[in-house]
Each structure stands twice: as C-alpha cells, then as structure tokens.
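Following: one structure in structure tokens, then a few remarks.
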Amino acid sequence: MSTLQTVAESTSTGRAEAVTQPRARPTGRGRLADGRRWQIRRLRPDDGPRLAACFARMSDEARLARFFTAKRRLTDAEIAHFSRPDGWEHMALAAFAADGAGREQELLGAVRCLRLPHRRDTADFAIAVADDARGVGLGCALLSALMAHARPRGIHRLHCDVLWHNQPMRALAERFGGEPVGSDADSLVYTIPVERRPAGDASAFAWPGLVLPDPVAMHHDWCSLLDDAASPWLPGACASVTASAAAAA
C-alpha cells in the first residue's frame, strides 16, 4: 500500500481541514520557471475541493478565457464531472505543487479532453491554470502530459476553441503545431496534432468508427478506476501494478 499523506482543503467554510488520502502516483514531475516543483497525475473524485480552490484563485479574465463567460463558481455537477474522468472518453489530468518529498500541495491547473463521438481519433480539449501559476511553463507541461496520455488511447488530434484576444492560449496551441481551422466573431478553432507513434508501432489500432487502445494504457486505466473505488477502504490498492503500467505508458 502507498504511504498516506495529509492535505488541507475546504470549499464551504474557507478553513483548512486535515484530510488523509492516498499518496498520488504522478505521471510526470518537474520545476516551473520560478523554481516551484510540480507533479501531474490523473484527477480523482476526491480532488473536487482542490479544483474549486484552484478556480477561486483564477481572475475574471482567466475564467472568461476558459469558460467564455463571466463564471463566478463551479457547480457541484461540474466539479463531479471534471474530477471523474473514465480515462477513455474523458481524460483529465491536474498539476499539483509539490514539496521536496513529493507531497502534494495546492492544485495549480488542469487539462482535459473529451473524445468526439463522430471522430473517435479526435478530442476536444480545454486547459485552465490558476493565476499564480501562469507564465511559468505549466501550460506546456499539462498539454504535453495530456498528449502522452491520449496518444496510446488512439487520439491523433485535439480541437480547442480560443478567444481571439487570448494570446497565451493561441501561442500554446501554435507551439504544439496547432493551426486555426475555423473562426467566428469571438473565437478561433484550433486543431493540434498529437504526435503519432513510429510507423509499425501497433500501440493503437483504428478503423472507421472504432479505436482500440494500447493494452498497457487499458491496464493502467482499469487499475486507476479500481484504485479510486478502493481508496476509501484500501488506500493505494493498485499502487504497485499501476505505477509500473504508468511508467510503460
């Protein structure tokens, strides 16, 4: 079983409360341009309070860039949806600040994508970063992690809507090879290629209307779902097998 860690979080009272939960199993680690450590992992159902806290640290401008409206708060239904990715139709990762021992601190930003029902190798994606973590390379880290997660699951392209004046997001899309493929009075639609595996690598198989996953990716998804379900009673139940699968994926 994985080591337990204690985090502080609260959505209703504003007071920090100690909560014990399984230690995260990051899929990536690094440092931001300002020196802070980060680690990225798949979102879990118990991340809802920290998602809400991250949203609360976003400015009105940042919320408008993400949601295209002057949104004041995330609803309970939105938090539940964002924090429960199935790993196949809906993929969602979050970056957390980390101390020197790898213990998670506050949630800094999140990225997610939803597979299109009529184009199974394509997904709509969105990204949000708290104001105190913008401009230091976190967006690039999150998008890179999402691509690494989506690629073995048969995703070849990402679509995103970007407001015309959102220059940082436009620059991020173009940095990853994105090109505008449509527009209206308020926004652009970008298509971003997800780097394919080398020729002959059968990590994902695609036919019209059908995509089959990399077996390692499927194994990791199942273990993550089982671990989420078991965590209230057996923290880290699938930690050993999931860690090895994540390294391979």
Matching helices (runs of 4 or more DSSP H) fully within region 1-92 where at least 1 residues are at pLDDT below 90: 60-67
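Among the candidates Arg153, Arg73, Arg84, single out the residue that is open to solvent by 60 Å² or more (accessible area, probe 1.4 Å), in contact with a Pro (Cβ under 6 Å, 6 or more places away or on another chain) and either within 22 Å of Arg37 (Cα to Cα) or not hydrophobic (A, V, I, L, M, F, W, C) (or both). Even if it seems obvious, please write down each step before you answer.
Working: Arg153 fails: open to solvent by 60 Å² or more (accessible area, probe 1.4 Å); Arg73 fails: in contact with a Pro (Cβ under 6 Å, 6 or more places away or on another chain).
The conditions single out Arg84.
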When residues of region 36-57 are limited to those that are under 17 Å from Leu142 (Cα atoms) and of a type outside the set (D, E, K, R), the one surrounded by the most Cβ atoms within 10 Å (Cβ to Cβ): Ile40
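Surrounded by 22 or more Cβ atoms within 10 Å (Cβ to Cβ) and on the phi < 0 side of the Ramachandran plot: does that describe Gly139?
yes
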Residue ID - nearest to Gln39 (Cα to Cα), chosen from residues in region 110-136 that are open to solvent by 40 Å² or more (accessible area, probe 1.4 Å) and out of contact with any Pro (no Cβ under 8 Å at 6 or more places or on another chain): Asp132
Number of positions in region 89-109 that are open to solvent by 40 Å² or more (accessible area, probe 1.4 Å), touching a residue at least 40 places away in the same chain (Cβ under 8 Å) and small (Gly, Ala, Ser): 1
Region 167-196, residues that are open to solvent by 80 Å² or more (accessible area, probe 1.4 Å) and in a loop (DSSP other than H, G, I, E, B): Asp184, Ala185, Asp186, Glu195, Arg196
Breaking point among (1) modelled with pLDDT of 90 or more; (2) farther than 18 Å from Ala128 by Cα; (3) touching a Cys at 6+ places or on another chain (Cβ under 8 Å), for Pro193: (3)
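The values are calculated or read from the model by the stated rules, or taken from the named source; none is laboratory data. Being a predicted model, the structure only gives us computed values, none of them experimental. Glycine also receives a Cβ, built like all others from the backbone with ideal geometry; neighbour counts cover every protein chain displayed. Accessible surface areas use protein heavy atoms only, side chains included; no ligands, DNA or RNA. Shrake-Rupley method; radii C 1.70, N 1.55, O 1.52, S 1.80 Å.
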